[in-house]
Amino acid sequence: LVTSILTDSDSFQDLTVKIERPTYRKPFLGGFKHRITGVEFHNAGSQTVPKKRPDKGIEVFCRETQTVFEKNKLQQTINTTSTQMTKIGLYVSNMTDKIIRPGKYITADEYHKRRLEAVIVLQTYFRRWHAINLVQNLREKKRLRLEWEAQEELKKKKEKEEKLQSEYRRRQDPKTKEDYELLYRALEVWRQEETKRINKSLTGTERKAALCGLLEQEAQLIASIGRYKLDTDEENRQQTILRFLGKCAQPKSWKAFDGKITEMDTQYTLRARELLEIYRSISMNDIPKGERIDVLLTLRRTVKEHDCKLTQEIVELIDREVDLMMRDVKECNLEGLRKRICTLFLQYIKTPKFNPEVARILKVPPDPLQLYKNVNFCRSCKNYLPASDFAVPASSHTIGRCRLCCKIDNEARKREAFLKYRLMLKNLRESESDYQDDTKIVYLIQQQDMQYMVEKIWDCQSALSACDDLYDLVMVRWDKHHEWSPWNTILLTKDEADAHLKLCNLQEAYEAVFIHRIKRKHIQAKKYFAQIPGMASFLHRSGNQTNTN
């Protein structure tokens, strides 16, 4: 930087000034601001580069010290007291004075003894208070426990009454196969009681006559049950047909991103719904003649849309019924004709050409070549049936009879009710599915196997309380760390099963005699179920686990 300096009054001298740009920010030393122009002027500071301290190779820190300031101050009490005694020339009254006499001297042992007695008194009162609270809490828990037991007892009693009422209603108005099993079982129990009463009270010819009368009564009851069963089967068939047609008439539905369900009708679902309404109308009984004729004409127009042998037969039957109704033929004489119309119209509905929506619900017939590989021969009804129609128990070496033949034989001979065992097996499979340990044996066990285990091995009673109510009994794992099997199970009530599954060590929870009795039952079950080839691998695996343990 070149600047001019006035040396004399008239002469200037140019000097070269070197400006070094600082590598640090200079501190602000103050200044001022021009009010008019707004230019800021800062006080000048030296541009000399500060001297750097030599680097000694040691890291040095700056530390500030804090000095403690001490202050001394004298203090004096503000209350000044003095004493004055009686003397010559001065009288001080002693009316308010107190005479203090020394008491009995107490040693340290006596003092600590008195303190200990006081502490004992305090502890006595505290323990009394604590005991009162503890007893009150126990009394409250006992009251709550008794209330809970009373509620549970009332609940069990109510559930038992509901079960009995449900069984009574099912026997009064049977609808399903299980209901008829209960009805036939009640008939068998009644027959056995009557036979026992006749054998006990009568002899000779009177006994034979009473047994013949009982046999006639039994035959009449079986016939009435059979007639009622036919009506029930017809009602169930109609309900099955209506459910099938209802599935065809349902609109298309899907779930949107916001969780709402969207439904849409297509031309095929509308067609299926129209056919469903027509089928309901022609299936109705006791409707006026005019309405019946309108329904038949609507059906005639619907089937006339397609010309084939089936529709021609339906139209012919419709014309015949209309003609007979115009001649005032009785309703009872038209039942057969109306059933033929309903049957042919149902066949019309199940044809995908006339009802395209039914194609996604109809079962596709299996390949005959594949069907031949999975067909067994029933020795009772002499029919070839698929393997799903046979119930093979664990002790069986052959296929035997089909389910229908077993059912008919049971209704004719033993008349046993398998509903309890069926429910027990269902509950067992549901409980085993919660473990998610890939158990398999429980799905190989059939209804007959469950009946054998309950009746022959466990004597139809709980292993702990000897409760014989089969509706309250369940089968659970004996050792919950291994999968269920006939040789790793125990029959208990529902409450006992919940408590048993919470146990961690069976050896500590049960006595040795009880464990030995359960092991004997397991050995008996293992011998019985060892005949199944499919279970042989599980038996060997179970033996290996036992040896390892």
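The values are calculated or read from the model by the stated rules, or taken from the named source; none is laboratory data. What you are looking at is a predicted structure, and each value in this text was computed from that prediction instead of being measured. Every residue, glycine among them, receives a Cβ derived from its backbone with ideal geometry; neighbour counts consider all protein chains shown. Areas reflect the complete protein model, heavy atoms only, side chains present, ligands, DNA and RNA absent. Shrake-Rupley method; radii C 1.70, N 1.55, O 1.52, S 1.80 Å.
Annotation: extensible slack from Ser465 through Lys175 equals 100.8 nm (criterion: 0.36 nm per residue apart, minus Cα-Cα distance).
Extending 7 Å from the Cα toward the beta-carbon at both Tyr91 and Arg320 defines two label points whose distance is 15.5 nm. Between Gln192 and Arg403, what FRET efficiency follows from the Cβ-Cβ distance if R0 is 25 Å, with the result rounded to 0.05? Computed FRET efficiency for Gln192 and Arg403: 0.45. With K and R counted +1 and D and E -1, the other residues having a Cβ less than 14 Å from that of Glu193 yield a net charge of +3. A 1.4 Å probe run over the protein chains yields, for the chain, 78 Å² of accessible area per residue, whole-number rounding.
One Cα centroid belongs to the stretch 373-448, the other to the stretch 469-488; the line between them spans 20 Å.
Sorting the segments 135-141, 349-355 by their residues' average number of neighbouring beta-carbon atoms within 10 angstrom, most packed first, yields 349-355, 135-141.
Report in % the part of the accessible area of the chain that belongs to carbon and sulfur, leaving out ligands and nucleic acids; probe 1.4 Å. Don't skip to the answer; put the middle values down first.
Numbers: 22950 of 42700 Å².
Reported share for carbon and sulfur atoms: 54 percent.
The stretch 120-170 and the stretch 190-258 have Cα centres separated by 46 Å.
Taking amide hydrogens as modeled 1.01 Å from N in the peptide plane, which residues meet the under 5 Å criterion relative to Leu491, leaving out close sequence neighbours? HN-HN under 5 Å from Leu491: Ala463. Remark: the stretch 132-138, residue by residue, has Karplus-estimated 3J(HN,Hα) of 4, 5, 5, 5, 5, 5, 5 Hz, where x stands for each Gly or Pro and the curve is 6.51 cos²θ - 1.76 cosθ + 1.60 at θ = phi - 60°.
Neighbours of Ile120, meaning other residues whose beta-carbon lies under 12 angstrom from its beta-carbon, give a summed charge of +3 when Lys and Arg score +1 and Asp and Glu score -1.
Per the helix-only calculation at 222 nm, which mean residue ellipticity applies to the chain, given -39500 (n - 2.57) for every DSSP H run of n ≥ 4 and division by its residues, nearest 500 deg cm²/dmol? The partial results should precede the final answer.
Numbers: 16 runs with 287 residues, N = 549.
Taken over the chain, the calculation gives -17500 deg cm²/dmol.
Karplus-derived 3J(HN,Hα) values for the stretch 253-267, using 6.51 cos²θ - 1.76 cosθ + 1.60 with θ = phi - 60°, are 9, 8, 9, 7, 5, 8, x, 7, 8, 10, 10, 9, 9, 10, 5 Hz; glycine and proline are entered as x. For the pair Lys208 and Leu423, label points projected 7 Å from Cα toward Cβ lie 4.5 nm apart. The angle separating the long axis of helix 419-433 from the principal Cα axis of greatest extent in the chain is about 30 degrees. Comparing Leu242, Val121, Ile318 along the charge dipole axis of the chain, the residue lying farthest to the positive side is Val121, per the Cβ-charge model.
Shape call for the stretch 418-547 from the C-alpha gyration tensor, a ≥ b ≥ c root eigenvalues: rounded (a/c under 1.5), prolate (a/b greater than b/c) or oblate? Each step should come with its number before you reach the end.
Details: a/c = 1.31, a/b = 1.06, b/c = 1.23.
Taking the square roots of the gyration eigenvalues as a ≥ b ≥ c, the stretch 418-547 is rounded.
Overall form of the stretch 373-457: oblate. Here a/c, set by the Cα gyration tensor axes a ≥ b ≥ c, is 1.5 or more, and a/b is not larger than b/c.
Remark: the chain carries a charge dipole of roughly 1640 debye about the Cα centre, counting +1 on each Lys and Arg Cβ and -1 on each Asp and Glu Cβ. Using the Karplus relation 6.51 cos²θ - 1.76 cosθ + 1.60 with θ = phi - 60°, the per-residue 3J(HN,Hα) values for the stretch 268-285 come to 6, 5, 5, 4, 5, 5, 5, 5, 5, 5, 5, 5, 4, 5, 6, 7, 6, 10 Hz, with x marking Gly and Pro.
Let's test the formula: R0 of 25 Å, r as the Cβ-Cβ distance of Lys440 and Ile518. What FRET efficiency results, to the nearest 0.05? FRET efficiency, Lys440 to Ile518: 0.65.
What does a probe at Ile120 reach in the stretch 93-110, counting residues whose amide N is under 16 Å from the point 7 Å along Cα→Cβ? Only 109-110 pass the distance filter.
Excluding Cys504 itself, calculate the net charge of residues whose Cβ lies under 13 Å from the Cβ of Cys504, where each Lys or Arg counts +1 and each Asp or Glu counts -1.
On the way: positive: Lys480, Lys502; negative: Asp479, Glu508.
With Lys, Arg at +1 and Asp, Glu at -1, the net is 0.
For the ranges 88-94, 379-385, 318-324, what's the packing order if you count other beta-carbon atoms within 10 Å of each residue, average per peptide, and put the highest first?
On the way: 88-94: 7.4, 379-385: 12.6, 318-324: 15.4.
My ranking of the peptides, most packed first, is 318-324, 379-385, 88-94.
Magnitude of the charge dipole for the stretch 418-547, about its Cα centre and with charges confined to Cβ atoms of Lys, Arg (+1) and Asp, Glu (-1), is about 520 debye. Identify, among Ser433, Val92, Leu221, the residue whose Cα sits farthest towards the positive end of the charge dipole of the chain, taking +1 on the Cβ of Lys and Arg and -1 on the Cβ of Asp and Glu, with the dipole about the Cα centre. The Cα lying farthest towards the positive end belongs to Val92.
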